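See structure below.
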Amino acid sequence: MFAFNITGTILIFVVFAFEVILIFLGKPDKDTVLDLKSNFLLGMFILFTGLFMKGVELSVFSFMYSISFFRPEMSWWLWIVGIAACDYVHWAYHWLGHKTRLFWAAHSTHHSSLHFNMSTGWRTNFLHLFYRFLFWSPLCLFGLPPEMVLFIESVTAMQNFLVHTERIGKLGVLDWWFNTPSNHRVHHGTNPEYIDRNLGGIFMIYDHLFGTYAKETVPPVYGITHNINTHHPGKIIFNEFVNMANEVPKQNGFYAKMRYLFSPPQ
């Protein structure tokens, strides 16, 4: 597992560096350069926080597995179940990230760039790493080995990084089945027909099942509906948390506050 993660990290750095070279060969404007810098800094927060949290995740997953009432033998069908289950949890967690203010606060960081390239894959809020893994932990309680869940999540994370590019066009039938660059460009679009679409991890199956799939038909307009217009890493990370902290006290009563936190972001 450790060797796989190291190999994957090296691959991500190589692909990222290659696209950065291509971007600079195209003589980017100042805003693009500043965006690249911010995204890379945010990515370093993610990388180092992730290294620490892997141990925490493994401990929690192992505990859940130790009290599991069902531990099937490792087999090809268990891998199929594991991949399908992990991809569903990814879709559900991602759906919450778009449909509730509470989880959008962290997820909005990833969508706040007005650009779309490999560096956007780095643009993730490190704060969500402290609780994100809890959504996957019940899978171990139901008998999926911790190492399997961590491996599938590592593959998903690498695949999700690599789809942040405009240099790969549509891929035909693959776009129907998989989370491809075309599908992920749609996901980052603020076009009305693209908002909250294509939430899958590796596959698009659950998007088709739950009606959240959309094809790339027109060029996406990247960003969020209320762009933050800053390249300051701290503001990018905490912008929505500050907005939420300002608005929650204005809600009258506990239930009103809960409704606000779990209502869709504007």
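Taken as a whole, the structure leaves PRO192 outside the set of residues that are in contact with a helix residue (DSSP H, G or I) (Cβ under 6 Å, 6 or more places away or on another chain) and closer than 17 Å to HIS111 by Cα.
Let me confirm something: among PHE16, PHE52, PHE45, which residue is surrounded by fewer than 18 Cβ atoms within 10 Å (Cβ to Cβ), touching a residue at least 40 places away in the same chain (Cβ under 8 Å), under 19 Å from the mean Cα position of the chain (by Cα) and part of a helix (DSSP H, G or I)?
Step by step, each of PHE16, PHE52, PHE45 is checked, and only PHE45 is surrounded by fewer than 18 Cβ atoms within 10 Å (Cβ to Cβ), touching a residue at least 40 places away in the same chain (Cβ under 8 Å), under 19 Å from the mean Cα position of the chain (by Cα) and part of a helix (DSSP H, G or I).
Once the stretch 59-101 is narrowed to residues that are polar (S, T, N, Q) and under 24 Å from the mean Cα position of the chain (by Cα), the residue that is surrounded by the fewest Cβ atoms within 10 Å (Cβ to Cβ) is SER59.
Conditions tested, residue by residue: (1) in contact with a Leu (Cβ under 8 Å, 6 or more places away or on another chain); (2) among the aliphatic types (A, V, I, L, M); (3) modelled with pLDDT under 95.
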| site | (1), (2), (3) |
| --- | --- |
| PHE203 | no, no, no |
| TYR206 | yes, no, no |
| TYR222 | yes, no, no |
| HIS232 | no, no, no |
| PHE262 | yes, no, no |
| GLN266 | no, no, yes |
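Scanning the stretch 226-246 for residues that are more than 21 Å from ILE195 (Cβ to Cβ) and either over 19 Å from the mean Cα position of the chain (by Cα) or without any contact (Cβ under 8 Å) to a residue 12 or more places away in the chain (or both) turns up THR230, HIS231, HIS232, GLY234, LYS235, PHE238, VAL242, ALA245, ASN246. So is VAL186 touching a residue at least 24 places away in the same chain (Cβ under 8 Å), closer than 18 Å to SER113 by Cα and surrounded by fewer than 18 Cβ atoms within 10 Å (Cβ to Cβ) or not? Considered against the rule, which asks whether it is touching a residue at least 24 places away in the same chain (Cβ under 8 Å), closer than 18 Å to SER113 by Cα and surrounded by fewer than 18 Cβ atoms within 10 Å (Cβ to Cβ), VAL186 comes out as no.
The values are calculated or read from the model by the stated rules, or taken from the named source; none is laboratory data. Computed from a predicted structure; not experimentally measured. A quick note on method: Cβ atoms are made from the backbone with ideal geometry, for glycine too, and the neighbour counts reach across all protein chains shown.
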